[in-house]
Structure formats: structure tokens, C-alpha cells
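Since every read-out is calculated from the coordinates, none of them should be taken as a lab result. Worth saying up front: this structure is predicted, and the values here are computed from it rather than measured. No Cβ is skipped: glycine too gets one built from the backbone with ideal geometry, and neighbour counts run over all protein chains shown.
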Amino acid sequence: MANRNVLTLSQVSKHKSKIDCWVVIDGRVLNVTKFLEEHPGGDDVLLEVAGKDSSKEFYAVGHSKAAQNLLLKYQVGTLEGYVLQETDDGKQASVAKETKKEMSAFVVKDDAIQKFAPLLELFVPLAVAGSYFCYRYITAVSQI
Ligand code: HEM
């Protein structure tokens with residue numbers, strides 16, 4: 001499936017001519033070569049952003065819902081760093097930015113605290129009791 005084709009921005013940047021024009025919108029890599037002539041906004045605006053992420057420019061124009069649906073037709077892949085989220089029927093699929101890797105490291109750190117909590121619960125009362133008996137022993141010895 002073309003949508004599972006993961007592409008880097010550097011790969012996309014190689015397609016920026018009138019006969020081979022790719023753009024990125026919301027993490028979707030779109031081959032708009034055949035759409036250049038049909039685009040109601042003209043081919044020049046598309047060629048200006050060819051080979052780049054043009055999400056900002058796309059939304060700045062205030063494209064209609066129909067235009068947002070139409071772009072799905074031209075998807076040839078997904079930009080690296082984005083994940084494909086498919087619906088149950090597999091018809092409509094959205095692309096979302098991958099969550100940062102630091103998040104999982106944070107969760108692992110949290111798990112470690114949870115793991116040592118029962119040990120701390122046992123060790124702290126033992127340390128208190130030990131200190132008390134040491135104190136009692138030292139005071140008893142010094143009275144002899
Ligand atoms: C595959 C991607 C794109 C599709 C399918 C698309 C589709 C459309 C459609 C259907 C319209 C007619 C108005 C509407 O329905 O909103 C339109 C107008 C326009 N588009 Fe796009 N477009 C795309 C990408 C872009 C990009 C990346 C830019 C800017 C860099 C752009 C700039 C414009 C402009 C300036 C108009 C004219 C707006 C107006 O007359 O008010 N489009 N586009």
C-alpha cells in the first residue's frame with residue numbers, strides 16, 4: 001500500500017519539477033504532478049512549494065473540505081516521523097506525528113520507582129528499629 005511507504009524529506013525534495021512534483025501536507029507525501037494543470041489555485045503555487053512540507057501554505061489558503069479530501073487521492077507515502085492511523089473500515093486513514101521518544105524513557109523511570117517501593121517500605125522501619133537498639137546498647141554499655 002502506497003500510504004505505508006515511508007519517505008524522508010530529502011527523498012521528497014528530489015521531486016520538484018513540472019514533470020515530477022511532490023508536496024507534503026500533514027505528513028502525507030503527495031504526488032501532485034497530474035494535478036498541477038487541474039489545481040484551481042494554479043500550478044505556480046504548487047511548484048513554489050514542490051519538494052517541501054507545504055502544510056502551512058495549504059491551510060493558510062483556507063482550502064475547502066472537498067480540497068482536503070481530494071488530496072488523499074494523490075498520496076504516495078508517509079513522511080518519516082509520522083504514523084498512519086487507520087479506521088476500522090480501513091477507508092479513511094489519518095497521519096499523526098509520532099510521539100517523542102523521551103516519553104517512553106520517562107515511563108521507564110517511573111516504573112523503577114514503583115519496583116523499589118516495597119523494598120523501601122521494609123528497609124525504612126528496619127533502619128529505625130536498628131538505630132534504636134544500637135542507641136539502647138551504647139547507653140547500657142556506658143553505664144557499666
Ligand atoms: C494536493 C494538494 C492540494 C489540493 C488537492 C488543492 C485543491 C484546491 C482546490 C479544490 C481549490 C479550490 C478552492 C477550494 O475548494 O478550497 C484550491 C484553491 C487554491 N489552492 Fe489549492 N490544493 C492543494 C494544494 C495547495 C497548496 C500547497 C497551495 C499553496 C502553496 C495551494 C493554494 C491554493 C490557492 C492560492 C487557491 C485559490 C484560492 C482562492 O481562489 O481563493 N493549494 N486548491
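What residues have an amide H closer than 5 Å to that of ARG28, excluding those fewer than 5 places away on the same chain, when H is modeled at 1.01 Å from N in the peptide plane?
Distant-sequence amide H within range of ARG28: LEU79.
Highest mean first, how do 13-22, 126-135, 44-53, 58-67 rank when packing is the count of other Cβ atoms within 10 Å averaged over residues?
Highest mean packing first, the order is 44-53, 13-22, 58-67, 126-135.
State the percent of C-alpha pairs, over all pairs in region 2-97, separated by a distance greater than 20 angstrom.
Beyond 20 Å sits 31 percent of the P(r) for region 2-97.
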